[in-house]
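One structure below.
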Amino acid sequence: MHETSTIRRKRGLEALAAFLVICLFTSFMLAYEDTAYADVRKADVIAGSTVEERGLSVAACPSVEAEHAVLVDENGAVYFERDASSPAQIASITKVMTAIVALENAPDGMYVVVSENAATIGESSANLHEGDTMDFDTALKALLIPSGNDAAVALSESVGAAMIAADPSLGNNPVQAFVDAMNAKAQELGCTDTVYENPHGLDDEQYAGNLHSTAADQAKVAKCAMSYPKIKEIVSGGTDTVTVTRDGAPVSIELQTTDELLEMYEYTIGVKTGVTLLAGPSFMGAAEKDGRQLYSVVLNSTDEYQRFADTQNLFEWGYQHIIQVKLSNSDKSASMTLNGTRRDVPVFAQVDHLDWPDKAVMATLSDPDAAITVFDLEGNVTQTVTFDELHGNVLAGDKVGKVVFKQRNQVVAEQDLIACEDVPAPNPFEAVAIWWQGLFGGAENAQEYASQVYNVMPVINNHVANAA
């Protein structure tokens with residue numbers, strides 16, 4: 001009997017020990033999964049505040065291995081930054097500015113000629129030969145799709161020569177005139193720490209120097225580039241075949257894209273790869289989903305695949321947290337004629353008509369269908385309503401108040417309140433009756449008709465709550 005209970009006790013202790021080991025292992029694995037596969041840093045900046053300041057968990061932040069990164073939208077709103085304003089090498093991302101300057105300065109109908117210097121520059125190539133000629137669009141494709149250094153030099157020489165022909169004060173060096181225009185364009189775009197020294201982005205040996213930029217500056221370049229339909233069409237199209245004239249005969253050249261994100265992420269629309277020993281694997285990306293464009297730049301990622309993974313992570317995180325919020329969410333409705341159409345609109349509030357003790361004016365927003373795009377990690381949108389003092393005749397569509405919507409104490413929208421209905425002023429007999437009624441305290445229903453808000457803004461900060 002004693003032996004049996006000892007055995008049972010021993011088995012119980014063993015079971016308890018095994019249970020504790022499992023619990024510890026599970027806790028370790030959960031913590032490991034939360035951190036081992038995610039590069040999230042306390043100093044990463046999300047919409048102006050660091051991860052540490054916001055108290056965000058790893059799960060609420062994008063995993064990015066690049067040393068410099070930024071994510072912005074087409075309106076310039078910055079959602080994510082990692083050391084985005086520090087100078088860094090950008091390698092062949094340089095060619096995006098080359099494309100912009102070439103487009104803005106090439107004369108109509110120009111042809112590009114490949115010089116010996118262009119054909120023999122080496123590194124990434126579009127397989128152009130000395131003496132090849134092609135139309136401008138073909139040269140632009142040879143620049144952007146396979147990241148052709150040969151095409152970069154050919155374009156800068158041909159377009160630079162055309163610029164000097166139009167303005168001899170630019171000097172006698174076509175490539176230098178072209179590079180000067182690249183730097184001038186960077187300043188025009190608001191770049192604060194960008195220097196171009198060549199049209200291709202090579203940065204060692206004879207090309208070593210002060211050429212550099214920042215992730216934040218290159219996001220501005222990306223936005224500019226994607227505003228050109230021709231550039232957007234080229235960088236979103238993937239591999240292509242073009243024709244050049246070589247030794248008097250047409251020759252087909254396959255241009256193999258370097259942008260693997262086009263296959264990895266369905267919303268990708270460009271833009272440009274870059275890699276040198278100094279720059280590390282880098283990528284300027286653009287995506288478009290539901291009509292909204294995002295631009296990202298990752299510089300000096302850990303390997304050539306990871307630069308695409310970093311970019312995809314940024315885009316997916318951005319689209320997850322950039323949401324639309326309707327401003328009118330009331331369950332009360334009224335019928336009114338708006339913009340010539342009779343329709344039901346949400347009743348945002350009722351506004352006290354001061355000439356009547358028992359009437360209020362139903363009101364809606366001037367745009368009852370209005371919605372705003374917000375970043376949900378900034379928290380809920382609040383509404384502040386002010387009511388006008390209403391006297392006399394009020395007609396449907398008249399302004400009766402104002403609503404200010406804020407997120408994180410920043411105004412994100414403003415709308416007028418307008419009357420949904422006509423409420424005429426009391427006629428003389430009604431005015432006397434109201435006056436008489438007021439003498440004898442006939443305002444027992446006044447509270448029912450006092451100004452009040454029916455609209456309730458939805459809770460949108462679930463991601464913040466879950467991340468805490």
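What number of residues in the stretch 219-246 are farther than 15 Å from Leu144 by Cβ and more than 22 Å from the chain's Cα centre (by Cα)?
Summing the residues that are farther than 15 Å from Leu144 by Cβ and more than 22 Å from the chain's Cα centre (by Cα) in the stretch 219-246 gives 4.
Considering only the stretch 390-416, state which residues are loosely packed, with under 15 Cβ neighbours inside 10 Å and acidic (Asp, Glu).
Glu414
Condition check ((1) closer than 26 Å to Asp73 by Cβ; (2) buried (at least 21 other Cβ atoms within 10 Å of the Cβ); (3) modelled with pLDDT under 95) across all residues:
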residue: Pro199; (1), (2), (3): no, yes, no
residue: Ser227; (1), (2), (3): yes, no, no
residue: Glu233; (1), (2), (3): yes, no, no
residue: Ser236; (1), (2), (3): yes, no, no
residue: Arg246; (1), (2), (3): no, no, no
residue: Ser252; (1), (2), (3): no, no, no
residue: Thr273; (1), (2), (3): yes, yes, no
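Take the residues in the stretch 93-110 that are of a type in the set (A, V, I, L, M) and part of a helix (DSSP H, G or I); name whichever of them is nearest to Ser158 (Cα to Cα).
Step one: filter the stretch 93-110 for residues of a type in the set (A, V, I, L, M), giving 93, 96-97, 99-103, 106, 110.
Right, trim to part of a helix (DSSP H, G or I) and you get 93, 96-97, 99-103.
Working: Ile93: 21, Val96: 17, Met97: 16, Ala99: 13, Ile100: 15, Val101: 12, Ala102: 9, Leu103: 12 Å.
Across the stretch 93-110, the extreme among qualifying residues is Ala102.
For the stretch 294-313, give me each residue that is assigned to a strand (DSSP E or B) and out of contact with any Gly (no Cβ under 6 Å at 6 or more places or on another chain). Walk me through it before giving the result.
At the first step, the residues of the stretch 294-313 found to be assigned to a strand (DSSP E or B) are 294-299.
Passing the criteria: Tyr295, Val297, Val298, Leu299.
Could you give me the residue pairs with C-beta distances under 9 Å whose first residue belongs to the stretch 302-322 and is hydroxyl-bearing (Ser, Thr, Tyr), whose second residue is surrounded by 15 or more Cβ atoms within 10 Å (Cβ to Cβ) and in a helix (DSSP H, G or I) wherever it lies, and which are 6+ apart or on separate chains?
Thr302/Asp310; Thr311/Leu261
Run down Ala165, Ala222 and say which single residue is surrounded by 24 or more Cβ atoms within 10 Å (Cβ to Cβ) and not hydroxyl-bearing (Ser, Thr, Tyr). Spell out how you get there, then give the answer.
Details: Ala165 fails: surrounded by 24 or more Cβ atoms within 10 Å (Cβ to Cβ).
The conditions single out Ala222.
For Ala154, all conditions in the list (1) touching a residue at least 40 places away in the same chain (Cβ under 8 Å); (2) surrounded by fewer than 23 Cβ atoms within 10 Å (Cβ to Cβ); (3) out of contact with any Cys (no Cβ under 8 Å at 6 or more places or on another chain) hold save one; what is the number of the exception?
The failed condition is (2).
Among the residues of the stretch 190-219, which ones are outside any loop (DSSP other than H, G, I, E, B) and over 14 Å from His68 (Cβ atoms)? Spell out the reasoning first.
So in the stretch 190-219, the residues outside any loop (DSSP other than H, G, I, E, B) come out as 195, 205-207, 212-213, 215-219.
Passing the criteria: Val195, Glu205, Gln206, Tyr207.
Identify all residues within the stretch 425-468 that are modelled with pLDDT of 70 or more, surrounded by 12 or more Cβ atoms within 10 Å (Cβ to Cβ), β-branched (Val, Ile, Thr) and part of a helix (DSSP H, G or I); write none if there are none.
If the condition is that a residue be modelled with pLDDT of 70 or more, surrounded by 12 or more Cβ atoms within 10 Å (Cβ to Cβ), β-branched (Val, Ile, Thr) and part of a helix (DSSP H, G or I), then Ile434 is the only one that fits.
Could you say whether any residue in the stretch 90-98 is within 21 Å of Ile253 (Cα to Cα), assigned by TED's automatic domain parsing to the domain that holds Gly285 and touching a residue at least 60 places away in the same chain (Cβ under 8 Å)?
As a first pass, look at the stretch 90-98 and keep what is within 21 Å of Ile253 (Cα to Cα): 92, 95.
Applying the additional criterion that residues be assigned by TED's automatic domain parsing to the domain that holds Gly285 yields 92, 95.
Subset that is touching a residue at least 60 places away in the same chain (Cβ under 8 Å): 92, 95.
Yes, that holds for at least one residue.
The values are calculated or read from the model by the stated rules, or taken from the named source; none is laboratory data. The structure displayed is predicted, hence computed values, not measured ones. Counting neighbours? That spans all protein chains shown, and the Cβs are built from the backbone with ideal geometry, glycine included.
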